[in-house]
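The values are calculated or read from the model by the stated rules, or taken from the named source; none is laboratory data. These figures come from a predicted structure and were not determined experimentally. Cβ coordinates were reconstructed from backbone atoms using ideal geometry, including for glycine residues, and neighbour counts include every protein chain displayed. Areas reflect the complete protein model, heavy atoms only, side chains present, ligands, DNA and RNA absent. Shrake-Rupley method; radii C 1.70, N 1.55, O 1.52, S 1.80 Å.
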Amino acid sequence: MTSSDRINAADSGTWRLGDLTVRRVGFGSMRLTHLADGSPSDRDRVTGLLRRAVELGVNHIDTAAFYFSPTRSANELINRALAPYADDLVITTKVGPGRDPSGEWWWATPEQLRGQVEENLRQLGRDHLDVVNLRVPRQAETGSIAEHFGALAELRTAGLIRHLGVSNVRPDHLAEARAIAPVVCVQNAYGIGSPDGEHAFLDACGEQGIAFVPFFAIAGAGKEAGAVSEDGAAVRALARVHGVSPAQLRLAWTMSRGAHVLAIPGTGNPDHLAENIAAGTLRLSPEEIALLEAA
């Protein structure tokens, strides 16, 4: 699409998370800690990748204390690569899930959320967190989130958190959270092929001035395993028309759904990093957007 020396995330536009302005193409840190086969990532390579992302204009990084492998922690890699942090760098994290040293998952009670927030602070070397998302365990089955979100709202009042968001939620969860404290973002799985209800939820967030931050925008049904192994004919054909990869087209389509949509694609590959940022400048016609939505 363009040479790497001209790529800049600033060209994707901006959105405000409360009083924090971020470029619409950010970076997700989940893939920093290990390779696809489970082996450890190269520490120097991934810290260099983080620095390169910032050089290319990225100022929104998504992370979590539970992003770790036996020898790597995403938060500590971010700290090593980017501290002291630039004034405009926004680091978003999430709490709710936890992992013990063996990697086994557990879910925090409201009383345990402060410990998770403090762990993120320690690993990142910060005195406050820019944005904290409350991650819901099972969207379809989870009842009220008021007690958990209320605990985070208290930490916001105490100054440990600047802004709050919610993740893996339904519209009623968002309404419940907004009744307690301001919500600046919703982070949900979303991309080409998402059900109609998810399209409607994305639109509703925009109407309320809330950022929608999709995860798995590229991976789609592949989720944590990575990009789907076989893209549909419409995706492949349109990618060829624009001279981009199917992954770039998927990312561009997702961002075309509204100015409030913020991308956080993750990668451990410098070439893929440049491609992801370049996708933020790809503009699709209304007809192309509708074609891909139908696909």
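Observations on the structure shown:
- Residue pairs meeting the criteria (Cβ under 6 Å; at least 6 apart or on separate chains; first open to solvent by 40 Å² or more (accessible area, probe 1.4 Å), in the range 277-295; second modelled with pLDDT of 90 or more and not aliphatic (A, V, I, L, M)): Thr281/Asp11
- Flag if Gly26 is surrounded by 14 or more Cβ atoms within 10 Å (Cβ to Cβ), on the phi > 0 side of the Ramachandran plot and touching a residue at least 40 places away in the same chain (Cβ under 8 Å): no
- Annotation: of all residues in the range 40-57 being in a helix (DSSP H, G or I) and hydrophobic (A, V, I, L, M, F, W, C), the one that is most open to solvent (accessible area, probe 1.4 Å) is Val54.
- Scan of the range 99-138 for residues that are in a loop (DSSP other than H, G, I, E, B) and either of a type in the set (Val, Ile, Thr) or over 16 Å from Ala158 (Cα atoms) (or both), ordered by number: Asp100, Pro101, Ser102, Gly103, Glu104, Ala108, Thr109, Gly125, Val136, Pro137, Arg138
- Subset of the range 226-240 (residues that are assigned to a loop (DSSP other than H, G, I, E, B), without any contact (Cβ under 8 Å) to a residue 24 or more places away in the chain and open to solvent by 30 Å² or more (accessible area, probe 1.4 Å)): Ala227, Val228, Ser229, Glu230
- So Glu76, is it more than 22 Å from Ile145 (Cα to Cα), open to solvent by 70 Å² or more (accessible area, probe 1.4 Å) and in contact (Cβ under 8 Å) with a residue 40 or more places away in the chain: yes
- So Gly143, is it on the phi > 0 side of the Ramachandran plot and not hydroxyl-bearing (Ser, Thr, Tyr): no
- For the range 198-223, the candidate set comprises residues that are assigned to a loop (DSSP other than H, G, I, E, B) and at pLDDT 95 or above; within that set, the residue that is most open to solvent (accessible area, probe 1.4 Å) is Gln208.
- Pro171, sole failed condition from (1) open to solvent by less than 40 Å² (accessible area, probe 1.4 Å); (2) at pLDDT 95 or above: (1)
- The range 31-53, residues that are hydroxyl-bearing (Ser, Thr, Tyr) and touching a strand residue (DSSP E or B) at 6+ places or on another chain (Cβ under 8 Å): Thr33, Ser41
- Matching helices (runs of 4 or more DSSP H) fully within the range 241-294 where at least 1 residues are in contact with an Asp or Glu (Cβ under 8 Å, 6 or more places away or on another chain) and within 30 Å of Thr47 (Cα to Cα): 246-255
- Residue list for the range 241-294, filter: acidic (Asp, Glu) and touching a Phe, Trp or Tyr at 6+ places or on another chain (Cβ under 7 Å): none
- Residues located in the range 153-168, provided they are among the hydroxyl-bearing types (Ser, Thr, Tyr) and either buried (at least 19 other Cβ atoms within 10 Å of the Cβ) or at pLDDT below 95 (or both): Ser167
- Test: Arg99 is surrounded by fewer than 18 Cβ atoms within 10 Å (Cβ to Cβ), of a type in the set (Lys, Arg) and either free of Cβ contacts under 8 Å to residues at least 40 places away in the same chain or touching a His at 6+ places or on another chain (Cβ under 6 Å) (or both): yes
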